[in-house]
Amino acid sequence: MSNAATPAKSKTRGAAIAVPYWIREFALIRLAVAICLGALGIGVSSVFASTWWLHGALDTRQQAQQSRDAAYARFAQVESEKQDIRAFQPKFVTLSRKGFIGEENRLEWIDQIRQIQEQRKLLPLNYEFEPQQSVKLDDRLPLGDYQLRASRMSLHMDLLHEGDLFDFLADLRQRSHFAVQDCHLKRLAGAENVSNAPTVGADCHLNWLTLAPAAPARPAAPGRAKR
């Protein structure tokens, strides 16, 4: 029995294993497959690279658009400021000449009163200035770095008639900037047969206005160290 089994085993070992045809013929298309895989990899890489470049281009475009919008906004603001300057410069110059812009000049106000009194040939008058104070406005106005201030003046005038007061205030308003707070007129008993005798007495309060640079805020005093 051992002799009969030996030839059967040898025959089984010697039989060839059947290989599929597509494996046997893969060598014929191996180069084409390699080229196809390479092309596919290049294509996928190109798609990713194109997508990355597209996103980068979109981001660059968005940044450029934002920069352009910011530059246009600054340009529009500058043009608006130029128009405001051209529109308000004549008014600013006029107010500066009348002493409204800047620090107050009481000597100039006194000289203006004296000149008007001499030109109008008014009777002697009396006035007194009070210390300057800041004006608190009901509505907040965009005054920038400036602050509105006022100096209150008490004025007493003896008049030949009421028109002298109106002429005096009109002439003074041409040269300065002020606001009349109140005026009280009273009839005087003039001396009979006396020329240039006053017939009306006027007591007024004027607020001389100036728009001066605001005082810088004082730094807080350092606290004392406790021992």
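Each value in this text was obtained by applying a stated rule to the coordinates, not by laboratory testing. None of the values given here were measured: they were computed from a predicted structure. Reconstructed Cβ throughout: ideal geometry from the backbone, glycine too, with neighbour counts over all protein chains shown.
Observations on the model:
- Virtual spin-label span in nm between residue 120 and residue 103, 7 Å along Cα→Cβ: 3.0 nm
- Applying the Karplus relation 6.51 cos²θ - 1.76 cosθ + 1.60 with θ = phi - 60° to the stretch 169-181 yields 3J(HN,Hα) values of 5, 5, 5, 5, 5, 5, 10, 9, 10, 8, 10, 7, 7 Hz, where x marks Gly and Pro.
- Modelled FRET efficiency - R0 41 Å, residue 36 with residue 71, Cβ distances, 0.05 increments: 0.20
- Inter-label distance, nm, simple model (7 Å from Cα along the C-beta direction), residue 135/residue 83: 2.8 nm
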